[in-house]
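The values are calculated or read from the model by the stated rules, or taken from the named source; none is laboratory data. Here the structure is a predicted model, which is why all the values come from computation and not from measurement. Virtual Cβ from ideal backbone geometry, glycine too; neighbours counted across all protein chains shown. Each accessible area value is taken on the protein alone, full model and side chains, heavy atoms only, with ligands, DNA and RNA left out. Shrake-Rupley method; radii C 1.70, N 1.55, O 1.52, S 1.80 Å.
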Amino acid sequence: MRPTQASYPATRLRRVRQSPAVRGMVRQNTLTVDDFIWPVFVRSGEGIEEPIPSMPGVLRRSVDKVVEAAREAADLGIPAICIFPYTGLEERTEDCAGAWDPDNHANRAIRAIKAAVPEIAIMTDVALDTYNINGHDGFVEDGEIVNDRTVEALVKMALAQAEAGADIIGPSDMMDGRIGAIRTALEAAGHQNVMILSYAAKYASAFYGPFRDAVGASGALTGDKKTYQMDPANSDEALRLIERDLSDGADMVMVKPGMPYLDICRRVKDSFGAPTFAYQVSGEYAMIMAAAQNGWIDHDRVMLESLMAFKRAGCDGILTYFAPAAARLLAKR
Ligand code: PBG
């Protein structure tokens with residue numbers, strides 16, 4: 001029960017806001033560098049750092065440059081990096097075989113980072129969209145995104161990542177049954193310590209637009225992802241998905257996108273108490289950057305406020321393109 005509160009003037013709620021010292025004393029949530037997972041884009045070639053127009057400040061890097069970026073991230077105290085491959089149309093096929101190639105850019109980046117920056121945790125992306133000729137997260141047969149055949153491919157993809165040295169497998173595909181299948185395969189292959197952070201409640205969102213430019217999927221995607229990603233109108237379904245993935249062997253769960261879905265973050269944390277992450281996605285990043293570049297909002301303050309919102313909503317951490325910038329800013333305070 002909430003204790004009754006004296007009325008004004010015995011209670012003046014402004015008393016505890018009067019100075020930085022007192023505000024610090026009563027502050028409920030904190031944002032630290034420990035909260036960040038930094039998504040990075042890796043491409044072919046060497047010595048390449050290529051800007052992504054719809055994500056100002058974000059680069060596609062060749063493997064050597066991703067290793068340098070991982071070094072900088074670790075030096076800033078960022079605990080984890082998440083690798084996304086950029087693939088041109090010429091690297092995409094209908095059978096998506098690149099996805100489980102031990103030598104694809106993502107797996108080469110994992111090996112190179114493990115060797116050079118062993119202290120940073122490496123997360124991956126498990127979904128076929130970055131290798132699929134049609135940009136979908138699963139195989140397409142007669143216009144349908146087929147589930148079970150896709151799960152078999154996702155298992156091969158996850159195993160190749162674990163073999164390369166990934167610490168955290170990140171299935172972002174939204175097929176049914178993939179968490180259990182990946183967990184069983186990891187156990188059988190002796191990867192008991194490899195974690196799964198499931199994109200469990202992932203919505204069919206228009207906020208992913210700039211990411212699809214970043215990974216080369218924008219031109220490729222035919223149709224939409226509504227038969228596998230969630231309807232933005234739903235909330236209870238998110239809880240069913242999270243519960244299912246936790247009982248299938250996920251160690252951590254994710255809500256995605258982030259800021260428009262803070263109510264889901266709160267429900268998930270309150271319902272399950274599991275390690276809960278939000279993905280502040282490319283469109284959220286792009287909106288903040290565009291407004292900041294126009295001088296319409298204060299970049300640093302909006303960045304930190306947007307990240308703090310996730311902590312207040314119950315998240316344990318955030319996947320964010322702001323990770324290095326926010327880490328630098330927090331280190332100065
Ligand atoms: C696809 C995937 C997407 C993102 C992460 N993994 C896009 C999609 O589902 O189309 C989006 C990330 C972002 O927008 O920042 N497997």
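Here is how the numbers come out for the structure above:
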read-out: So residue 306, is it among the polar types (S, T, N, Q) and either under 20 Å from the mean Cα position of the chain (by Cα) or not in a helix (DSSP H, G or I) (or both); value: yes
read-out: Tally of residues being modelled with pLDDT under 95, open to solvent by 90 Å² or more (accessible area, probe 1.4 Å) and of a type in the set (A, V, I, L, M) across the stretch 1-56; value: 1
read-out: Tally of residues being open to solvent by 70 Å² or more (accessible area, probe 1.4 Å) and either of a type in the set (Val, Ile, Thr) or not in a loop (DSSP other than H, G, I, E, B) (or both) across the stretch 231-244; value: 4
read-out: Residue match in the stretch 292-306 (condition: open to solvent by less than 10 Å² (accessible area, probe 1.4 Å), over 17 Å from residue 52 (Cα atoms) and either within 16 Å of the ligand (Cβ to nearest atom) or at pLDDT below 95 (or both)); value: yes
read-out: Residue count, the stretch 167-222 (criterion: open to solvent by 10 Å² or more (accessible area, probe 1.4 Å), of a type in the set (S, T, N, Q) and at pLDDT 95 or above); value: 4
read-out: Residues of the stretch 252-300 that turn out to be closer than 20 Å to residue 231 by Cα, of a type outside the set (Val, Ile, Thr) and assigned to a strand (DSSP E or B), as a count; value: 6
read-out: Members of the stretch 251-273 that are open to solvent by 10 Å² or more (accessible area, probe 1.4 Å) and either within 16 Å of the ligand (Cβ to nearest atom) or closer than 24 Å to residue 184 by Cβ (or both); value: 251, 252, 256, 259, 260, 261, 272
read-out: Residue check, residue 318 surrounded by 14 or more Cβ atoms within 10 Å (Cβ to Cβ), in contact with a helix residue (DSSP H, G or I) (Cβ under 7 Å, 6 or more places away or on another chain) and either within 19 Å of residue 54 (Cα to Cα) or modelled with pLDDT under 95 (or both); value: no
read-out: Count of residues meeting criterion [more than 11 Å from the ligand (Cβ to nearest atom) and closer than 15 Å to residue 256 by Cβ] in the stretch 210-225; value: 0
read-out: Identity of the residue in the stretch 56-69, touching a Pro at 6+ places or on another chain (Cβ under 9 Å) and assigned to a strand (DSSP E or B), that ends up nearest to residue 215 (Cα to Cα); value: 60
read-out: Any hit, the stretch 95-115, residues being open to solvent by less than 10 Å² (accessible area, probe 1.4 Å), polar (S, T, N, Q) and on the phi < 0 side of the Ramachandran plot; value: yes
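Quick grid of which residues meet (1) closer than 20 Å to residue 281 by Cα; (2) of a type outside the set (S, T, N, Q); (3) touching a strand residue (DSSP E or B) at 6+ places or on another chain (Cβ under 8 Å); (4) not in a strand (DSSP E or B):
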site	(1), (2), (3), (4)
34	yes, yes, yes, yes
47	no, yes, yes, yes
54	yes, no, no, yes
71	no, yes, no, yes
83	yes, yes, yes, no
95	no, yes, no, yes
112	no, yes, no, yes
